[in-house]
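The values are calculated or read from the model by the stated rules, or taken from the named source; none is laboratory data. Quick caveat: nothing in here was measured; it's all calculated off a predicted structure. Glycine also receives a Cβ, built like all others from the backbone with ideal geometry; neighbour counts cover every protein chain displayed.
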Amino acid sequence: MTATTTTGVPIDLRELGISFGDAEIVSEINLRVRPGEFVCLLGPSGCGKSTLLSAMAGFVKPSVGEIVCAGDEVAGGNPHAGMVFQSSEALFEWMTVSRNVSYGPRMNGANKAEQARIAAEYLAMVGLPHSGKKFPAQLSGGMRQRVQIARVLANQPSLVLMDEPFGALDAQTRQVLQIELDRIWRHTGCTVVFVTHDIDEALTLADRVVVMSAGPKAGIKSIYEVHAARPRDRADPGVIELYEQLRDDIRAEVVASLRNQGIEEEQL
Ligand SMILES: Nc1ncnc2c1ncn2[C@@H]1O[C@H](COP(=O)(O)OP(=O)(O)OP(=O)(O)O)[C@@H](O)[C@H]1O
Ligand SMILES: [Mg+2]
């Protein structure tokens, strides 16, 4: 692997509130993600995790408060950020894998030799050194997700925003990609905010796990620091204890969320 590194930037959510029309989705969110930190965001379905991530990317405008990334207020786009979506439908099907990966640098004026070098470097980084000439349709779901990650990393973002990037994959592929992501994150030094529903995934990857409360007006319910050494060992007593706390914490919010939707616990 080559020596490409990025300096992770901090991102600050200050008294943040986001509404769509009359519906207040999240409110009074205060969170500072440290430079180079890996933060996982968990919470019941519909509480506003994707909305929050989109706001960090500058796609959604805060209704109240502000988001500051590397000292600049995020408004109408965040030049420091790259976003990885749950579905790899975001790939350009008509381009080879290499051209998908070098798309950003090409748009920024990289010449052919630079594009080839970048595509080779990032495809190697995600474990696909021999797939550059293929088209996305010739790849499996896990391989497509690796290409998506390579395409985002090729822009050398100092903040990577990931919205359930492994959500659609089988458990084994997911585990492999988690281990690779952990390695890539340590290698590149970028800051990561990662949304997941999977507590094990959060405990494999995160420095801190942020649990959101049930919406509407969802906020931050609790924050857990994960001190266990990396790579994480699921059998570590500290990890087991955190798992149990997180499971109870999230279950309470899921029940609250369903109750807010008119579904009672005895019906579950
Ligand atoms: N563009 C939009 N316009 C109106 N309402 C929206 C919009 N985007 C999201 N919402 C609403 O905001 C709330 C939060 O949605 P969001 O997608 O952020 O939830 P989530 O926590 O990511 O859920 P999931 O875990 O299911 O992905 C939902 O009630 C959703 O209907
Ligand atoms: Mg979502």
Matching residues in the range 83-104 (of a type in the set (Ser, Thr, Tyr) and at pLDDT 95 or above) number 4
Selection within the range 46-74 - in contact with a Gly (Cβ under 7 Å, 6 or more places away or on another chain) and either within 16 Å of ligand 1 (Cβ to nearest atom) or at negative phi (or both): Gly46, Cys47, Gly48, Lys49, Gly58, Pro62, Ser63, Val64, Val74
Pairs where the first residue, in the range 51-69, is assigned by TED's automatic domain parsing to the domain that holds Val195 and the second is within 13 Å of ligand 2 (Cβ to nearest atom) and of a type outside the set (A, V, I, L, M, F, W, C), C-beta under 7 Å, 6+ apart: Leu53/Asp163; Val60/Thr51; Val60/Ser54
Criterion violated by His187 - all others in (1) within 16 Å of ligand 2 (Cβ to nearest atom); (2) outside any loop (DSSP other than H, G, I, E, B); (3) closer than 28 Å to Gln115 by Cβ; (4) touching a Ser or Thr at 6+ places or on another chain (Cβ under 8 Å) satisfied: (1)
Output the residue which, of all residues in the range 215-267 that are part of a loop (DSSP other than H, G, I, E, B) and in contact with a Lys or Arg (Cβ under 8 Å, 6 or more places away or on another chain), is nearest to Ile29 (Cα to Cα). Val226
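Yes/no matrix, rows are residues, columns are (1) under 13 Å from the mean Cα position of the chain (by Cα); (2) among the acidic types (Asp, Glu); (3) part of a loop (DSSP other than H, G, I, E, B):
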residue	(1), (2), (3)
Tyr122	no, no, no
Gly127	no, no, yes
Lys134	no, no, yes
Val147	no, no, no
Arg151	no, no, no
Pro157	yes, no, yes
Arg174	no, no, no
Leu203	no, no, no
Val209	yes, no, no
Condition first: buried (at least 16 other Cβ atoms within 10 Å of the Cβ) and in a loop (DSSP other than H, G, I, E, B). Now tell me which residues in the range 107-120 satisfy that. Ala110
Glu180 vs (1) at pLDDT below 95; (2) within 18 Å of Ser45 (Cα to Cα); (3) not in a loop (DSSP other than H, G, I, E, B): all pass except (2)
So which of Arg186, Arg251, Arg208 ends up being closer than 26 Å to Arg34 by Cβ and surrounded by fewer than 14 Cβ atoms within 10 Å (Cβ to Cβ)? Arg186
Collect the residues in the range 136-145 that are of a type in the set (A, V, I, L, M, F, W, C) and under 19 Å from the mean Cα position of the chain (by Cα), keeping them in residue-number order. Met143
For the range 20-106, which strands (runs of 3 or more DSSP E) that fit wholly inside it have 2 or more residues that are within 13 Å of ligand 2 (Cβ to nearest atom), more than 27 Å from Gly127 (Cβ to Cβ) and touching a helix residue (DSSP H, G or I) at 6+ places or on another chain (Cβ under 7 Å)? 23-33
The listed residue being basic (Lys, Arg) and buried (at least 18 other Cβ atoms within 10 Å of the Cβ), out of Lys49, Lys61: Lys49
